[in-house]
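Peer 1: Mind having a look at this structure? Questions to follow.
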Amino acid sequence: MINIGIVDDHAIVRSGLRQFLSEHVDLRVVGEAANGREAIDLVRTHEIDVLVMDLSMPGQSGLDALAMLRAKAPDMGILILSGYPEEHYAINLIRQGASGYLNKECEPKEIVEAIRTISLGRRYLTPTVADLLAQQLNRKDDAPPHEQLSEREFQVFLKLAKGETAGDIAKSLSLSVKTVSTYRTRLMEKMGLSSNSDLTYYALKNKLID
């Protein structure tokens, strides 16, 4: 039996996933959460083999929670199920410890296939993601600027692009304001940008935020 946790801020999505997964005899949903902070509590209180998690959620997002979830449950599989296309987030997230990445427009049976693969301790790579990884290996020098950011820099970049202040970011990531400012300076240099409005424009243009 594969124990599953579902993390999504939409109750209708959680309900639909729970119903669909319950139709498979080897899968059991043992808990749900509506954001990254609740996901960490869920992992602390339940034995979970595979966590199926959305990215964009109010409060603490899936991206913010990923490192802490990895630290708390290093053997647990994490399947990102997101509305964002693979090319925007998949590579960064797999590099940061996600076990697989699916777009919400995928066939439902692919979610089951991914969960079963990940429960065996393997990564689940769709042909699209595998192709993106192959492309990245071949083009280290001309990768998009945001793919050259570290995990923390990428987190800070997305929050700045959404209009969050250094104080807000420091609080949500448990960092000092000075550290956030250092990350901001570093990522601005790497990306060749000069203002927060540049960051927002870049993120919108590359469909990293809505």
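The values are calculated or read from the model by the stated rules, or taken from the named source; none is laboratory data. Model, not experiment: these values are computed from the prediction. Cβ atoms come from the backbone with ideal geometry, glycine included; neighbour counts cover every protein chain shown. We work out accessible area using only protein heavy atoms, side chains counted, and drop any ligands, DNA or RNA first. Shrake-Rupley method; radii C 1.70, N 1.55, O 1.52, S 1.80 Å.
Peer 1: Within the range 14-58, take every residue that is touching a residue at least 60 places away in the same chain (Cβ under 8 Å) and not in a strand (DSSP E or B) and give me the one that is farthest from residue 118 (Cα to Cα).
Peer 2: 56
Peer 1: While we're on this one: Residue check, residue 131 against (1) in the same structural domain as residue 61 (by the TED database); (2) assigned to a loop (DSSP other than H, G, I, E, B), all met but one. Which one?
Peer 2: Looking at each condition in turn, residue 131 falls short on (2).
Peer 1: Being among the hydrophobic types (A, V, I, L, M, F, W, C) and in a strand (DSSP E or B) is the filter here, so list the residues in the range 92-118 that pass it. Explain how you work it out, then say what you get.
Peer 2: So the first thing to find is which residues in the range 92-118 are among the hydrophobic types (A, V, I, L, M, F, W, C), and the list is 93-94, 98, 102, 106, 111-112, 114-115, 118.
102 - this is the single residue of the range 92-118 that is among the hydrophobic types (A, V, I, L, M, F, W, C) and in a strand (DSSP E or B).
Peer 1: Name every residue in the range 1-30 that is out of contact with any Asp or Glu (no Cβ under 8 Å at 6 or more places or on another chain) and among the polar types (S, T, N, Q), in order of residue number.
Peer 2: 15, 19, 22
Peer 1: A follow-up question, please. For a quick check of your reading of the model, give me the residue pairs whose first member lies in the range 119-134 and is more than 15 Å from residue 77 (Cβ to Cβ) and surrounded by 12 or more Cβ atoms within 10 Å (Cβ to Cβ), whose second is modelled with pLDDT under 90 and among the β-branched types (Val, Ile, Thr), with beta-carbon atoms closer than 7 Å and at least 6 apart or on different chains.
Peer 2: Listed by first residue and then by second, the contacts come to 132/91; 133/91.
Peer 1: Further question on the same structure: Inside the range 152-210, counting only helices (runs of 4 or more DSSP H) that do not spill past its ends, which hold 3 or more residues that are within 16 Å of residue 64 (Cβ to Cβ) and open to solvent by less than 20 Å² (accessible area, probe 1.4 Å)?
Peer 2: 166-173
Peer 1: Still on this structure, please answer the following. Looking at this structure, is residue 118 closer than 22 Å to residue 33 by Cα, touching a helix residue (DSSP H, G or I) at 6+ places or on another chain (Cβ under 9 Å), β-branched (Val, Ile, Thr) and in the same structural domain as residue 9 (by the TED database)?
Peer 2: no
Peer 1: Restricting to the range 100-117, name every residue that is touching a Ser or Thr at 6+ places or on another chain (Cβ under 9 Å) and either more than 13 Å from residue 2 (Cβ to Cβ) or open to solvent by less than 10 Å² (accessible area, probe 1.4 Å) (or both). Before the answer, list the steps.
Peer 2: Let us first name the residues in the range 100-117 that are touching a Ser or Thr at 6+ places or on another chain (Cβ under 9 Å), namely 100-104, 106, 110, 114, 117.
Within the range 100-117, 100, 101, 102, 103, 104, 106, 110, 114 qualify.
Peer 1: I've got another one for you. Would you point out which residue out of 200, 185 is β-branched (Val, Ile, Thr) and farther than 26 Å from residue 86 by Cα?
Peer 2: 185
Peer 1: Restricting to the range 69-91, what's the tally of residues that are surrounded by 18 or more Cβ atoms within 10 Å (Cβ to Cβ), assigned to a helix (DSSP H, G or I) and of a type outside the set (Gly, Ala, Ser)?
Peer 2: 5
Peer 1: Consider only pairs whose beta carbons are under 8 Å apart and that are at least six residues apart or on different chains; among these, list those whose first residue lies in the range 184-195 and is in the same structural domain as residue 154 (by the TED database) and closer than 16 Å to residue 159 by Cα and whose second residue is loosely packed, with under 15 Cβ neighbours inside 10 Å and among the small types (Gly, Ala, Ser).
Peer 2: Final answer for the pair search is 188/194.
Residue-by-condition table, conditions (1) of a type in the set (Lys, Arg); (2) open to solvent by 70 Å² or more (accessible area, probe 1.4 Å); (3) modelled with pLDDT of 95 or more:
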site	(1), (2), (3)
37	yes, yes, no
41	no, yes, no
54	no, no, no
57	no, no, no
60	no, no, no
63	no, no, no
67	no, no, no
